[in-house]
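We did not get these values from a lab; they are worked out from the coordinates using the rules stated. Note that the structure is predicted; figures quoted are calculated from it, not measured. Here Cβ is always computed from backbone atoms with ideal geometry, including for glycine, and neighbour counts include all displayed protein chains.
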Amino acid sequence: MTPDVVEVAGRPVLVWRLPVPWLAMSSGVLGGGFGERHWVLNASVVKGYDRPDPDVHLAEIAAELRLAPGVGTAFMTAVDVRDVVHRADGGVRVSVTTGIGAYPTWAAGPAGLAEPVGTINAVCWLPVRLSPAAMVNAVATVAEAKAQALFEAGVPGTGTPTDAVAVLCPPDGPAEQYGGPRSAIGGPLARAVHAAVAAGLAPPRPGR
């Protein structure tokens, strides 16, 4: 599933418009949770972004793009979303924007740190329906694969405090019961996310 690249208020946005809704498990600040979603957004924002209402901001972007209100999920990042990395494996397709900022974070780090952060956003499309439990398992698989790529690249952290993920699957058909990294769907998902994050950690293209 390849997104369109558009601009809103001079900033690039990735937008996936779905002809039929897909089931999603999302941590997006807008449209997070579990349920059917008709569209997905990943929007670039300025570095040092400090609006206190990112959900409202994303809803404004969706409205500018004439997307149906309340039936999608959306993310934001300070990296240029045009540097998105797409990878596929075993019918799974992923699109990842990778920003680790100056201070990648260990998940079990000290409390109360106010560090400048980056964001790794992963939008993952699965070829078959998963049960709700398997969708949760698939989200964990994304996190494991991301952490593996960071470790292998020598990044001192497991991610950033603002990383987000959406795992989407068709709403119909027999449901796979497992989404872990050794399952029929979780294995390809892990490999695709790992490859996308690893590529996203490479130096940016000239002109970015």
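Less than 5 angstrom separates the built amide H of residue 99 from those of 119, 120, 121, all sequence-distant by 5 or more or on a different chain. Under a 5 Å amide H cut-off, with hydrogens placed 1.01 Å from N, residue 75 pairs with 41, 42, 43 among residues at least 5 apart or on other chains. Annotation: amide H-H contacts under 5 Å for residue 109 (H modelled 1.01 Å from N, sequence separation of 5 or more, or interchain): none. Each residue of the stretch 70-77 was assigned a 3J(HN,Hα) from its phi angle through the Karplus expression (A = 6.51, B = -1.76, C = 1.60, θ = phi - 60°), giving x, 10, x, 9, 8, 10, 9, 7 Hz with x at Gly and Pro. In the set [x] 42; [y] 14; [z] 20, which value of percent of Cα pairs over 31 Å apart was calculated from the structure you see? Read-out taken from this structure: [y]. Projecting the Cα atoms of 147, 8, 91 onto the charge dipole of the stretch 4-200 (Cβ charges, centred on the Cα centre) puts 91 farthest toward the positive pole.
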